[in-house]
Amino acid sequence: MAPLTSETPLLDTINSPADLRGLSRDLLPRLADELRAFLLDSVAKTGGHLSSNLGTVELTIALHYVYNTPDDRLVWDVGHQTYGHKILTGRRAGMARLRMQDGVSGFPRRAESEYDTFGVGHSSTSISAALGMAVAAKAKGEDRAVVAVIGDGAMSAGQAFEALNNAGVMDANLLVILNDNDMSISQPVGALNKYLARLLSGRTYNAARRAGEKVLSGMPSMLEFANKVEEHVKGMITPGTLFEEMGFNYIGPIDGHDINSLVPMLQNLKQLKGPQFLHVITRKGQGYKLAENDPILYHGVGKFDHKNGIVGSKPGKLTYTQVFSDWLCDMAASDTRLVGITPAMREGSGLVRFANEYPDRYFDVAIAEQHALTFAAGLACEGLKPVVAIYSTFLQRAYDQLIHDIALQNLPVMLAIDRGGLVGADGGTHNGAFDLSFLTCIPNMVIMAPADEAECRRMLSTAYQIDGPTAVRYPRGSGPGTTPAPTLDTLPLGKGEIRRQGRKVAILAFGSMLSPALEAGESLDATVANMRFIKPLDQDLVRELAQGHDLLVSIEENALIGGAGSEVARALEDMGLGTPLLRLGLPDAFIEHGDAPSLLAQHGLDAAGIVATINKALI
């Protein structure tokens with residue numbers, strides 16, 4: 001590979017895939033070098049997902065070179081690897097504001113470009129969506145190709161196999177590309193695989209296969225024998241028996257960085273009918289040695305100097321994730337029943353230390369949130385104390401399991417819900433905007449939200465001691481900066497506290513909203529309560545505040561519909577109290593990417609916004 005360069009004269013001529021398809025094939029390796037260089041320079045300036053994008057440069061170019069996008073449909077899984085796709089589809093200039101408010105999204109978005117055929121952010125959806133598009137094309141009599149690109153990690157989720165199982169029996173033209181970046185092809189085997197894969201994808205092989213089936217169809221025993229021979233011969237040279245059994249014609253594995261092999265391979269596959277499966281081997285961080293050597297560190301990056309790489313920085317403020325990490329290890333030391341579970345989010349959810357110190361009690365179940373919760377339920381049935389560390393946005397994928405397998409049986413499974421509220425640059429697909437709403441309606445659940453780091457640790461201990469399903473929901477990043485005590489003290493169940501005594505107006509703050517509520521309370525001379533528990537709600541405190549004030553104001557970093565404020569309204573109604581209630585929270589809309597504090601201010605959830613809204617209500 002040529003050295004990375006900041007000069008991109010060839011890439012500068014590409015404003016759409018049509019421009020790309022006008023290039024001669026011998027220029028594609030040079031374009032790949034320039035695209036990789038541009039990606040590295042661009043992401044180093046803005047932050048974003050790096051390793052995954054560097055690993056799919058050649059595949060992205062080959063797909064847009066062979067397929068007539070956007071008429072041919074290209075569906076990406078998760079979307080971490082689509083920066084190159086965005087650059088080649090007319091958004092190169094927009095990369096300067098990647099993941100910033102009103103800028104280019106870090107994921108495919110249908111509203112952003114006609115080349116983004118399906119919006120993603122969560123994993124394992126591409127095959128299902130692409131199959132739907134392929135079946136729709138057939139139903140409408142449209143001749144178009146449909147390609148789904150899915151990573152090996154996303155293949156660990158059940159939905160991917162549900163889709164494969166369905167696609168294999170559908171008479172639809174669909175190509176599934178497995179972007180496998182967790183294995184490598186040794187040099188001697190690679191050449192053979194390349195030749196065999198080209199052979200198996202070619203028209204000659206497939207025509208002969210169909211002709212043979214036609215001739216042998218009148219001799220069932222011979223046809224069965226021939227199919228078994230072919231299966232075993234292909235099984236010896238490819239690892240695709242599973243996909244063949246599901247009805248796909250499996251091709252590969254091939255080197256996903258050899259663009260001179262990718263292009264003719266895709267050209268062959270484009271001519272084939274029915275479900276096809278191409279296994280491509282890539283390397284995360286390809287072309288940037290630092291990312292190749294540590295793809296996890298360079299998976300999601302902030303701004304950095306790509307010439308020197310990410311260097312150690314001074315420790316920042318204690319984050320809620322670190323509070324959970326420390327608490328988990330301390331509680332594990334005091335209770336051998338504790339087990340920690342994560343659906344493929346060890347680093348993000350703060351389980352690295354726990355995994356190292358308690359490897360026999362640590363379970364990474366891969367990208368399988370549904371399995372994670374039912375697995376936890378099974379552990380709880382046998383007397384263990386499972387703690388599931390999960391992002392709010394990913395908990396949505398296991399809602400039935402939470403209701404049916406955990407809450408209905410009142411099992412002591414504890415959910416440590418990270419990224420509650422707005423997450424910033426990852427936007428609408430990753431905001432934890434709905435958990436308080438969808439958790440509160442579930443019987444047997446105990447739900448709490450800490451106002452600061454010290455309270456977070458105490459809430460985690462509280463949740464762990466409860467003999468039933470519990471959830472502690474905390475935001476991304478740091479809080480006010482309080483230092484947790486090293487103890488495992490608990491809080492009184494369902495009890496809040498008054499943090500500021502004022503007049504006329506009482507603000508009922510839930511979780512992260514306590515800090516701006518206290519600041520607003522100073523301006524308004526309002527009473528401010530730290531409610532702590534969403535369920536069970538502190539009804540005694542609600543009654544006290546309602547009887548002593550002219551206006552109650554609930555505030556939460558959650559969807560306003562069905563959230564904590566709704567619980568306050570329900571409590572007031574049940575108690576027959578007519579004190580007016582003003583509910584503040586996230587609007588009935590999907591909030592996109594941007595700086596989280598700015599987005600909160602935009603929706604009136606900073607101190608100034610709270611004051612302005614309350615003053616308006618008092619007029």
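Inter-part distance, region 249-302 to region 362-403, computed on C-alpha centroids, equals 31 Å.
Peptide packing for 508-517, 264-273, 142-151 was compared via the average number of neighbouring C-beta atoms within 10 Å per residue; ordered from the highest value, the list is 508-517, 142-151, 264-273. Remark on region 399-554: ratio of C-alpha radius of gyration to 2.2 N^0.38 Å is 1.06. Compute the acute angle (0 to 90°) between the alpha-carbon long axis of helix 514-524 and the principal axis of greatest extent of the alpha-carbon atoms of the chain; round to the nearest 10°. Taking Cα atoms only, the helix is inclined about 40 degrees. Whole Å is fine, so just give me how far the alpha carbon centre of region 447-480 lies from that of region 549-619. Spelled out, the Cα-based centre of one part sits 21 Å from the other. Taking other residues whose beta carbon is less than 11 angstrom from the beta carbon of Leu541, and scoring Lys, Arg as +1 and Asp, Glu as -1, yields -1. For Leu23 and Asn68, what does the FRET efficiency come to when R0 = 22 Å and r is the distance between their Cβ atoms, rounded to the nearest 0.05? After rounding to 0.05, the efficiency reads 0.90. For Pro9, the shell of other residues with beta-carbons less than 11 Å away shows a net charge of -2, using +1 for Lys and Arg and -1 for Asp and Glu. Of the three principal axes defined by the Cα atoms of region 441-507, the extents in descending order read 39, 30, 23 Å. The fraction of Cα-Cα pairs per 10 angstrom bin, counted from 0 for the chain, comes to 3, 15, 23, 22, 18, 11, 5, 2, 0, 0 percent, rounded to whole percents.
Which angle between 0 and 90 degrees, to the nearest 10, do you get for helix 220-237 versus the longest principal axis of the chain when only C-alpha atoms count? The two axes meet at around 70 degrees.
Counting only DSSP beta bridges with both residues in the chain, the antiparallel share comes to about 15 percent. By a 1.4 Å probe calculation restricted to protein chains, Met155 has an accessible surface near 20 Å², given to the nearest 10.
Once the other residues with Cβ under 13 Å from the Cβ of Glu292 are scored (Lys, Arg +1; Asp, Glu -1), what is the net sum? Charge balance near Glu292 sits at +3.
Approximating the spin labels as points 7 Å out from Cα along Cα→Cβ, the Arg499-to-Asp400 distance works out to 4.0 nm. What the Cβ-Cβ distance of Lys140 and Ala93 gives, at R0 = 35 Å and to the nearest 0.05, is a FRET efficiency of 0.50.
Taking the helices alone, the chain has a mean residue ellipticity at 222 nm of -11500 deg cm²/dmol, built from -39,500 (n - 2.57) per DSSP H run of at least 4 residues and averaged over all its residues.
The alpha carbons of region 345-434 give a radius of gyration and a Dmax of 13.4, 41 Å, in that order.
For the Cα atoms of the chain, what angle does the longest principal axis make with the long axis of helix 453-465, in degrees from 0 to 90, nearest 10? With rounding to tens, the tilt is 80 degrees. Between Gln271 and Asn15, the C-beta separation translates, for a Förster distance of 35 Å, into a calculated FRET efficiency of about 0.75. Once the chain from Asp364 to Ile296 is taken as fully extended at 0.36 nm per residue, the excess over their C-alpha distance is 22.9 nm. Taking 7 Å steps out from each Cα toward its Cβ at Lys45 and Leu408 produces label points 5.4 nm apart.
The values are calculated or read from the model by the stated rules, or taken from the named source; none is laboratory data. What you see is a predicted model, and the numbers here were worked out from it, not measured in a lab. With ideal geometry, Cβ positions are generated from the backbone for all residues, glycine too; neighbour counts draw on all protein chains shown. Ligands, DNA and RNA are stripped out before the accessible areas are found, and what is left, the full protein with its side chains, is counted by its heavy atoms. Shrake-Rupley method; radii C 1.70, N 1.55, O 1.52, S 1.80 Å.
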